[in-house]
Amino acid sequence: MQGADNASADRRTVLKLTGVAGATATLGSLAGCLGEGEDGNGDEIDLDSLTITQGEFPDVEDPNDHITGPYFNVYDHVYEPLFEVTPGEEPSPGVVTEWDHTGDGSVELEIRDDVVFHQGQQLVAEDIAFTLDRQIDPDVPPVSDQVAGLGSLEGAEAIDETTLELSYSGAPQLAEFEFGNYLRAVSQEWFESDAPVSDGVISGDDADAFNGTGPFQVVDYDPAQNRIVMEPFEDYWGEVPELEEVTFEGETSDSGRVSSLLADETNLIDNVLPDDVGEVESDPDSAIEQVTSFRNIFLAMKNEVEPFDSQEFRQAMNYAVDNEDIIDGVLSGFGHPMSQPTPPGVNGYNPDLEPYEQDLDEAERLVEDAGYTEDDPAEITLTAPEGRYLNDADIGRRAADQIDQLPNVDCEVDIVPFDVVSDANSAGPDDEEIPFFLIGWGVITGDADYGMFGFFHDDGGVQSFRDDELQSELEATQVEEDPDTREAMLQEVNEMAREKAPWVFLHQQESIYGIDEALEWEPREDESVFVWEIS
Amino acid sequence: MSFTRFLLRRAFQGIFVVWAVVTIMFGLRALSPGDPVNLIAGQVPDQSTRDQIRQDLGLDQPMYVQYVEYLGELLQGSLGYSYNQQRSVNDIVAQHFAATVELAVAATIVAIVIAIPLGVVSATRRNQPADYGATLGSLVGISTPNFWLGLMLILLLAEAAGLFPTSGRGVALHDGVLTLITTGHAGELLTWFSHIILPAITLGTYFTALITRLTRSGMIDELGKPYVTVTEAKGLPSVLIRYKHVLRNTLIPIVTVLGLQLGTLLGGAVITEEVFNWPGLGRMFIESLRNGDWPVVQGIVLFIAIAFIVINILVDALYARLDPRVIDK
């Protein structure tokens, strides 16, 4: 894509012309709505402050460290993304007002000249270059797993105070999805003088450990209690939010979060279990909001280990499993059947593909084609984690039971801590110890590459499937400059992946939130929670 | 054997136990699944980056080298470094220890306040309805699982009645006290108090039952002794006899048990802390275990082990002072 000259230019132009881009506009709506409201009993409730309780809470203060959603949910209010991002769409202007690809693997970003950090420093292009180094250079602390979302970016150089040149390998569109989602700014001046830094990592136990340019600044931080309190930043470059206070809290217990919501101690909770949905819905002050997320749940099959080296066998596993039954029976309907590695709404999703439907006869026939009979059945073990994804262990058990129905397959299930699955996931496609396992993956950049490259390419880091044809097709998408052509190519890769069946495609997980009845909010597919989208 | 030699012997034994704990924990870590590199760098970075991280952290070294290096760090007072939280384990333990102590002490106070009067009443009204009630209550208290009681208290007193917060600590006790001293406002202290009541009751219930039974049996023993008959013959009021003379003599074993139980509470409040989202060592232990953050798991276990050993040595020393025959044994 050539800067602002692509198909989404109209939207950007509108935003630019309004003068206040991205978050400002949405913050305006927040300001207009929060401040008063009524609960289900008609009582007025105080919405000057908002409390959000998550199952996970950031355990580090450095904004360039982790890549998990709950971590960004908290810190994006302080260290704002430099672009406005809508799931599945290309980035829109924010702190970066315009950008132009020079055609030689680099892009020039123009940044606003009126952006200041909470502790007083002026944002300059050098800060962004400095931050990117912290994110992608393994020799510069922290050892950041954000590098996973910035795979095609190679570096950045400040041309002047408001112009930054980013260099990348691969397609401009891919680079945009990456820098649009993951570029943030830490003040280099602050880092080198005042920041609490330990071994190159920002680490502190009070509000001074935070210094971003976002609309909210941290006023109280209690890491032991998993609580961070923010107030509007008066010198914010956009419209200052009217909401007086935002609190993020961490509560690992699923029932504890529900109790907090029902006791009116919090306004929004994440990861409500399907079993708890009824309890929240029956409370007149609370409601359930849900959305199909970008998180895929699937059974990976390592194709350099028998019997998964047979395409027929892998397809048979897909025909043996009834993902509708799993969604209805184990997830109480909170899921959406998967048809391909890329979730709907993500760039490269192929709308013409249908999920595999359970067909035990076809599955049995394919297993026979792969060389296994009733007398000499394939013996496999499905390894599933417990506690990582929504009802993951039960999903594993149900899927294994369904596969075990085939007369020519003996399928057992092994429930393990997530670490075990995580290790198997990075052990390579020829690792025989755990060749068949349940895992999930959120395609949070909004581009199909993030969902497939890691698993299907030799350089991916978590490759469980090696196939030359799939790999070379993926490589071709990474260097295709025309966004439309690239999208079509990614759709073809998805079709190819469905046919080659590297995974048993299960479902996209549903994100289930409990929310104060008086609030209006539409959850996002990328699992982000932005206060300025709540009204 | 002199008292000093006795103490030195106990200290050496303690050091041996600490070494054993360190070694067992290190062995468990070595045997357990979970690659620390995954924890640090997520799952996607390429193999060369992963190898680099492994090398930087010394994880490519043979286990015995890692073990010796770990022992060296411990000898210098460092419990290690958390890959997940990017901070020293010493800081993490320090951050959560105060909350655990608060809860342990509060639970002990709950136990004392309820159990001792109940035990006295039970002993002095043996085989009467009050005794049956107290005995039954003790049985129920000992038999009730912590997590169930905690959830019921949350459901009934916090969620339905809205009398207490459902979870969390609100503020740290020392912050509440500091605010009271500096500004004269007791609001923060009250917030802390409202948060700790339910977890303290939950954790204290088991010990309430235990101490009620201990007090009852101790009192019954004491009440049968001749000095009680003498004091009764002197015409002292029965309340004075029970609470001043008999109870005081009964308290010696109770205080011993309470002291040791306090040690147990420091390390054993895991379930209560988890149910109430109480930010103590127990909850941090579970979180770290869940995240595969072994340095923190090792650090917390080691810290609790040392606390136990120190408490035991102190108790031994106290016994030796009170009864010199212990030294000879």
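The values are calculated or read from the model by the stated rules, or taken from the named source; none is laboratory data. The structure presented is a predicted model; accordingly, all values stated were derived computationally and were not measured. Here the Cβ positions follow ideal geometry from the backbone for every residue, glycine too, while neighbour counts run over all protein chains shown. These area figures cover heavy atoms from the full protein model, side chains too; ligands, DNA and RNA do not enter into them. Shrake-Rupley method; radii C 1.70, N 1.55, O 1.52, S 1.80 Å.
Sort out which residues of segment A:220-249 are surrounded by 23 or more Cβ atoms within 10 Å (Cβ to Cβ), modelled with pLDDT of 90 or more and within 9 Å of chain B (Cβ to nearest Cβ), and write them in order of number. Matches in segment A:220-249: A:Glu249 only.
A count restricted to segment A:402-427 and to residues that are touching a strand residue (DSSP E or B) at 6+ places or on another chain (Cβ under 8 Å), open to solvent by 10 Å² or more (accessible area, probe 1.4 Å) and either away from chain B (no Cβ under 14 Å) or of a type in the set (Phe, Trp, Tyr) (or both) stands at 6. Scanning segment B:147-169 for residues that are more than 25 Å from the chain's Cα centre (by Cα) and assigned to a loop (DSSP other than H, G, I, E, B) returns B:Ala161, B:Gly162, B:Leu163. Applying a threshold of 7 Å to beta carbon distances and a minimum spacing of six or more residues, or different chains, the list of pairs starting in segment B:277-298 at a residue that is open to solvent by 20 Å² or more (accessible area, probe 1.4 Å) and ending at one that is modelled with pLDDT under 85 and hydroxyl-bearing (Ser, Thr, Tyr) reads B:Glu287/A:Thr252.
Considering only residues in segment B:149-190 that are over 14 Å from A:Gly256 (Cβ atoms) and β-branched (Val, Ile, Thr), the one that is surrounded by the most Cβ atoms within 10 Å (Cβ to Cβ) turns out to be B:Val171.
One line per residue, one yes/no per condition, for (1) closer than 25 Å to B:Arg169 by Cβ; (2) outside the structural domain of B:Ile241 (by TED's automatic domain parsing); (3) open to solvent by less than 40 Å² (accessible area, probe 1.4 Å):
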site	(1), (2), (3)
B:Leu103	yes, no, yes
B:Ile112	yes, no, no
B:Ile116	no, no, yes
B:Tyr132	no, no, no
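The condition of being surrounded by fewer than 22 Cβ atoms within 10 Å (Cβ to Cβ) and within 25 Å of B:Ile154 (Cα to Cα) holds for only one of B:Leu223, B:Leu210, that being B:Leu210. Being assigned to a helix (DSSP H, G or I) and either within 14 Å of chain A (Cβ to nearest Cβ) or within 22 Å of B:Ile309 (Cα to Cα) (or both) holds for only one residue in B:Val37, B:Val113, and it is B:Val37.
Do we have B:Arg169 as touching a helix residue (DSSP H, G or I) at 6+ places or on another chain (Cβ under 9 Å), among the basic types (Lys, Arg) and within 14 Å of chain A (Cβ to nearest Cβ) here? Spelling it out, B:Arg169 is indeed touching a helix residue (DSSP H, G or I) at 6+ places or on another chain (Cβ under 9 Å), among the basic types (Lys, Arg) and within 14 Å of chain A (Cβ to nearest Cβ). Regarding A:Val197, is this residue among the hydrophobic types (A, V, I, L, M, F, W, C), surrounded by fewer than 18 Cβ atoms within 10 Å (Cβ to Cβ) and either touching a Gly at 6+ places or on another chain (Cβ under 6 Å) or within 14 Å of another protein chain (Cβ to nearest Cβ) (or both)? Criteria met by A:Val197. Contact map, segment A:342-363: first residue within 22 Å of A:Glu527 (Cβ to Cβ) and of a type in the set (Gly, Ala, Ser), second residue open to solvent by 60 Å² or more (accessible area, probe 1.4 Å) and not in a loop (DSSP other than H, G, I, E, B), Cβ cut-off under 7 Å, separation 6 or more or different chains; pairs are A:Gly348/A:Glu487. Just to be sure before I move on: is A:Ala501 modelled with pLDDT of 85 or more, open to solvent by less than 20 Å² (accessible area, probe 1.4 Å) and more than 21 Å from A:Thr381 (Cβ to Cβ) in the structure I sent? In short, no. Residues of segment A:491-518 that are in contact with a strand residue (DSSP E or B) (Cβ under 7 Å, 6 or more places away or on another chain) and either in a loop (DSSP other than H, G, I, E, B) or within 22 Å of A:Thr477 (Cβ to Cβ) (or both): A:Pro502, A:Trp503, A:Phe505, A:Gln508, A:Glu517, A:Ala518. For beta carbons closer than 6 Å, sequence separation of 6+ or different chains, a first residue in segment A:129-146 that is open to solvent by 40 Å² or more (accessible area, probe 1.4 Å) and a second that is at pLDDT below 85 and of a type in the set (Ser, Thr, Tyr), the qualifying pairs are A:Pro138/B:Thr49.
With the checklist (1) modelled with pLDDT of 90 or more; (2) away from every other protein chain (no Cβ under 14 Å); (3) over 24 Å from B:Ala99 (Cα atoms); (4) in contact with a helix residue (DSSP H, G or I) (Cβ under 7 Å, 6 or more places away or on another chain) in hand, flag the one item A:Glu189 doesn't pass. Of (1) modelled with pLDDT of 90 or more; (2) away from every other protein chain (no Cβ under 14 Å); (3) over 24 Å from B:Ala99 (Cα atoms); (4) in contact with a helix residue (DSSP H, G or I) (Cβ under 7 Å, 6 or more places away or on another chain), only one is false for A:Glu189: (4). Contact annotation: residue pairs with Cβ atoms under 6 Å, 6 or more positions apart or on different chains, pairing a residue in segment B:71-95 that is facing chain A (nearest Cβ under 9 Å) and of a type in the set (Gly, Ala, Ser) with a partner that is in a strand (DSSP E or B) and open to solvent by 40 Å² or more (accessible area, probe 1.4 Å), are B:Ser88/B:Tyr81.
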